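> I'd like to ask you about the structure that follows.
The values are calculated or read from the model by the stated rules, or taken from the named source; none is laboratory data. This one's a predicted model, so the numbers in the text were calculated from it and none came from an experiment. Backbone-built Cβ (ideal geometry, glycine too); neighbour counts: all protein chains shown.
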Amino acid sequence: MLVAALQALYAYNTLATERILDTTSALSVEQWLAPQTAGRGSVRDTLVHLMSGQRGWLLAWGGTLPPELSGPGQLMPEPYPDLAAVRSLFNTVDGATRAFVDTLTEAGSSPVRGPRAASSSACCGRCCCTWPTTAPSTAVRSLRC
């Protein structure tokens, strides 16, 4: 049941983000890059920040991305100057996320692992003790050792 919920949520996330990206196509370059009062600066900066967050969770859960997106830390917005570059980033991160979510099974045989799993000999590597502290509580409860 949890797997189906996660798949549905990520499917919704894909549709919602695509709708946002489609809407931003009407912005001028000045509007795309103009500082805003909400978010992470400009529309571009906020969208890259959102992709960076999704990328971070995917990597923390054990998913994979191309090497250029697999490093630590937040993605910087400058390499994504326009909507086409941000859409390409989204397609890469979203595709990898969907591929990962499609591999999930119900608790007990889930491929989910945390970033410190390899260093903990007493841990199964699929539980909350290896996840970032902000992991979704429903997923944590279903994946305890």
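> In the range 63-105, which residues are farther than 30 Å from Q31 by Cα, without any contact (Cβ under 8 Å) to a residue 12 or more places away in the chain and part of a helix (DSSP H, G or I)?
P67
> Could you check how many residues of the range 6-48 are among the small types (G, A, S) and within 21 Å of G95 (Cβ to Cβ)?
Final tally of qualifying residues: 4.
> Additional query: Taking the condition crowded, with 17+ Cβ neighbours inside 10 Å, closer than 19 Å to A85 by Cβ and within 13 Å of the chain's Cα centre (by Cα), does S52 pass?
Yes: the conditions hold for S52.
> Out of V86, V48, report the one residue that is touching a Lys or Arg at 6+ places or on another chain (Cβ under 7 Å) and over 30 Å from T105 (Cβ atoms).
V86
Each row is one residue, and each column tells you yes or no for (1) under 22 Å from R19 (Cβ atoms); (2) among the hydrophobic types (A, V, I, L, M, F, W, C); (3) under 14 Å from the mean Cα position of the chain (by Cα).
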site: Q36; (1), (2), (3): yes, no, no
site: D45; (1), (2), (3): yes, no, no
site: W57; (1), (2), (3): yes, yes, yes
site: T64; (1), (2), (3): no, no, yes
site: E68; (1), (2), (3): no, no, no
site: P77; (1), (2), (3): yes, no, no
site: N91; (1), (2), (3): yes, no, yes
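> OK, next. With the structure loaded, tell me whether R40 is assigned to a helix (DSSP H, G or I) and basic (K, R) or whether it fails that test.
no
> Kindly indicate whether any position in the range 29-41 is in the same structural domain as A84 (by TED's automatic domain parsing), out of contact with any strand residue (DSSP E or B) (no Cβ under 9 Å at 6 or more places or on another chain) and within 26 Å of V101 (Cα to Cα).
no
> Taking the range 55-100, which residues are on the phi > 0 side of the Ramachandran plot and surrounded by 13 or more Cβ atoms within 10 Å (Cβ to Cβ)?
Answer for the range 55-100, where residues must be on the phi > 0 side of the Ramachandran plot and surrounded by 13 or more Cβ atoms within 10 Å (Cβ to Cβ): just G62.
> Please go through (1) surrounded by fewer than 18 Cβ atoms within 10 Å (Cβ to Cβ); (2) modelled with pLDDT of 90 or more for L47 and return the number of the only condition it doesn't satisfy.
(1)
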